[in-house]
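So the structure is just underneath, and the comments pick up after that.
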Amino acid sequence: MMSDEPVPSKYVKLTKDQDAPLEEIRPGELNQPVHVPQLEVRRCTECGQPLPESYEPPADEAWTTGIFGCANDPESCWTGLFCPCVLFGRNVERLRDDTPWTTPCICHALCVEGGIALAVATAVFHGVDPRTSFLIGEGLVFAWWMCGIYTGLFRQSLQKKYHLKNSPCDPCMVHCCMHWCAICQEHREIKGRLSDNLVMPMTVVNPPPMQEMSNLSSVVSESGPQQTQHAELETQAL
């Protein structure tokens, strides 16, 4: 026997105040691309396979000129000998388009030439004695240390860009021992590679032969009287 009691409903009736507010959707809003960081990975240019974040391309290419090949470019050789800060600034500007050459030039002059000038000035005006030898040594060590780190990092970035191997040893050690020869070698390397990139194959496009349209008089002379009347009717302005 069934009871006449009403069965409670499983659904909850929402009032007007409890309804969720409607969000306004603008046209084209649902067609925006979805940003998924997991899918944005580096891929190999040859096979297209994803590469790990710690992957570095192999540095197996040799330098176009040796470390002692300064005589191959006399202009950069003299500039690097008397104004190494200027040559270093030009190298950085050619490698990084967003950096003017004056910024690395001033940094090089303050760090490297500044330490050497401080040591020389102390020795000239105060002499070399136990009291001034510490200041002279500190200035030379500061110039040598900054020369190896600051300019060595630039040489390292140059090697990564062109996949160059360490020649003859670590970039920082090269600048610590042979700074003037190193910046001249870097200048020749950048100059040679930029000149190779500028040589682009030229594509010669021959224009099509010029076509001339015959005038109405030649058409009239070649056609008969009936075709002439037909041509005049077709060309009559409305």
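The values are calculated or read from the model by the stated rules, or taken from the named source; none is laboratory data. Only a predicted model underlies this, so the values are computations on that prediction, with no experimental measurement involved. Positions of Cβ are generated from backbone atoms using ideal geometry, with glycine treated the same way; all protein chains shown enter the neighbour counts. Just so you know, the surface numbers come from the protein's heavy atoms only, side chains and all, with ligands and any DNA or RNA stripped out. Shrake-Rupley method; radii C 1.70, N 1.55, O 1.52, S 1.80 Å.
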When (1) assigned to a helix (DSSP H, G or I); (2) among the aliphatic types (A, V, I, L, M); (3) modelled with pLDDT under 85 are applied to V204, the one that fails is (1)
Checking G127 against (1) surrounded by fewer than 13 Cβ atoms within 10 Å (Cβ to Cβ); (2) within 17 Å of L153 (Cβ to Cβ), only one condition comes out false. Which one? (2)
Do we have any residue at all in segment 93-109 that's in contact with a Leu (Cβ under 9 Å, 6 or more places away or on another chain), among the small types (G, A, S) and either under 24 Å from I190 (Cβ atoms) or at pLDDT 80 or above (or both)? no
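Does E29 satisfy the condition of being exposed (fewer than 14 other Cβ atoms within 10 Å of the Cβ), at pLDDT below 70 and out of contact with any Cys (no Cβ under 8 Å at 6 or more places or on another chain)?
Numbers: exposed (fewer than 14 other Cβ atoms within 10 Å of the Cβ): yes; at pLDDT below 70: yes; out of contact with any Cys (no Cβ under 8 Å at 6 or more places or on another chain): yes.
Yes: the conditions hold for E29.
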Given (1) open to solvent by less than 70 Å² (accessible area, probe 1.4 Å); (2) of a type in the set (G, A, S); (3) modelled with pLDDT under 90, index of the condition G89 fails: (3)
Of those in segment 146-195 that are out of contact with any helix residue (DSSP H, G or I) (no Cβ under 8 Å at 6 or more places or on another chain) and without any contact (Cβ under 8 Å) to a residue 60 or more places away in the chain, the residue surrounded by the most Cβ atoms within 10 Å (Cβ to Cβ) is C177
Subset of segment 56-79 (residues that are assigned to a loop (DSSP other than H, G, I, E, B), open to solvent by 50 Å² or more (accessible area, probe 1.4 Å) and of a type in the set (D, E)): E56, D60
